[in-house]
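Step one of this worksheet: look at the structure below.
None of the figures in this text is laboratory data; all of them are computed from the coordinates on show. Everything numeric in this text was worked out from a predicted model, so none of it was measured. Cβ coordinates were reconstructed from backbone atoms using ideal geometry, including for glycine residues, and neighbour counts include every protein chain displayed.
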Amino acid sequence: MYSSDELKDWDKRYIWHPFTQMMDYMDDDPLVIERGEGCHLIDVDGRRYIDGVSSLWVLVHGHGRKELTDAIERQSKELCHSTLLGLSNIPAVVLAKRLIEIVPAGLSKVFYSDNGSTSTEIAVKMSYQYWQQKGEKKRRRFISFTNGYHGDTLGAVSIGGIDLFHKVYRPLLFKGYKAPSPYCYRCPLKLESAGCGMACVDEFERIVKRYKDEVCAVVIEPLMQGAAGMIAQPEGFLGAVWKIAKDSGLHFIADEVATGFGRTGTMFACQQEGIKPDFLCLAKGITGGYLPLAATITTDEIFGGFLGRFDEFKTFFHGHTYTGNPVACAVAVENLALFEKERTIERMADKITLLHDELQRFKMLPRVGDVRQKGFMVGIELVKSKKTKRPYPPGEKIGQKVTGEARKRGVIIRPLGDVVVLMPPPAIDAGTLKELVDVVYDCVKKITGEP
Ligand SMILES: *Cc1c(COP(=O)(O)O)cnc(C)c1O
């Protein structure tokens, strides 16, 4: 068809890549993927790579799974798209029922969209509109966390807390309150995690107490702040934050776009601390990584706040053209079926232990400051000085150098700043998992080693 050189040339000429400094990109040899096979990707030159970050955190059962491609084929022959605005379709109905069966208790209504950013933006709009329609007009703010990430549209950026990505847009954003991130390695309260008594929870509570009358909801990534560099929350943090929010009558928005569908070792991260959010935002793994789809799942209580006579205009005036796309929903249904059939979650347990054990030797390396893990979500933070925790100067592009080296050795990973991220697909076999960690270890050692 097209030669590998042609494709690379056109890529550089015509594509503007997301989250990519294109000046660097233009100097590199682009990596163009042609095929996926299980937990591997194959490029246009026939080179194989382990898909070490699940194709940006979406892949679950592997590439090219026949059950999933069959589901897409079957559904696409029936109907590729109609609309969910006033109509319904079979896969959207079946998936909604299946989701309600597996999400935390109390969640009962599924609102579809196409990506993670829209799923959180929808939760924000629903929560706000709910309070407005209840007559609580003063509630216009959200409490979220520093280092939080909820997507790239402006509403999602408003509740985000990563300066590097979000600061420039600040004049365009709505205001809110930010509670300190539980980033124990670099505690924003300057405490040591041993014996701090989770002072960040107290700080969160102070913000809630002070502003609760003007707040709609608390927004959080449960257990792990992903995009900020895999910042793992100490045990009990999520449950404590949830209890404070609920006791103060605030909505609780759990953004499980990254953590959902097995990533932390349970189907949803919320389950690990027994919390019941008012909104659950899902995307990434929902289709097993096959097609774009998202869901914002909420309660009868919220749903009820939007019911009324037509001319009361309590309708949720929000919807996307491809909302509830039948092909995406069909593959999501099959994705959930595979979780059951293959006992994906149960079978992760041993691999999580293996991963944990394999990660220990990173801590011995002179430039590894911190190793964080929840299930299959891993962040390895590189530092210039282990003693002072001084970061590398950004110009050294240390994270990028490690992932560049990994590429040469047949592994695709993507850094978040100086944090090397691993997020293997839940269905990866133990051998490939070990190979992935071995390669990354050698790369970190080589790139950060003394000359
Ligand atoms: C990726 C991500 C999003 C945004 O999802 P997109 O599909 O990229 O819009 C939102 N929240 C979290 C926690 C994420 O990891």
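Some observations on this one:
- Most to least packed among 423-435, 163-175, 84-96 [average Cβ atoms within 10 Å]: 423-435, 84-96, 163-175
- Taking 4 °C and 1.567 mPa s as conditions, the range 68-341 diffuses translationally at an estimated 68 µm²/s according to Stokes-Einstein applied to its Kirkwood radius (Cα pairs).
- Cut-off under 5 Å, modelled amide H: who pairs with Gly52 long-range: Ile412
- Of every Cα-Cα pair in the range 392-439, the percent that sits beyond 13 Å: 58
- Here the peptides 218-228, 145-155 are ranked by packing, the mean other Cβ count within 10 Å, and the order with the highest first is 218-228, 145-155.
- Ordering of 23-31, 297-305 by packing is 297-305, 23-31, highest average first (other Cβ atoms within 10 Å, averaged per residue).
- Which listed pairs, of Lys351/Lys434; Lys167/Lys212; Lys397/Lys446; Lys175/Lys243; Lys363/Lys446; Lys137/Lys212, have C-alpha distances above 20 Å, in listed order: Lys167/Lys212; Lys175/Lys243
- Inter-centroid distance (Cα atoms) of the range 189-255 relative to the range 375-451, Å: 29
- Cβ-defined net charge surrounding Val32, 9 Å radius [Lys, Arg +1; Asp, Glu -1]: -3
- Expected-Rg normalisation [2.2 N^0.38 Å, Cα atoms] applied to the range 140-255: 1.00
- Charge dipole (debye, nearest 20) of the range 125-201; +1 at Cβ of Lys and Arg, -1 at Cβ of Asp and Glu: 460
- Applying both filters, DSSP loop and at most 15 other Cβ atoms within 10 Å, to the trypsin sites (Lys or Arg not before Pro) of the range 21-50 gives Arg47.
- Relative contact order of the chain: 21 percent, from C-alpha pairs under 8 Å at least 6 residues apart in sequence.
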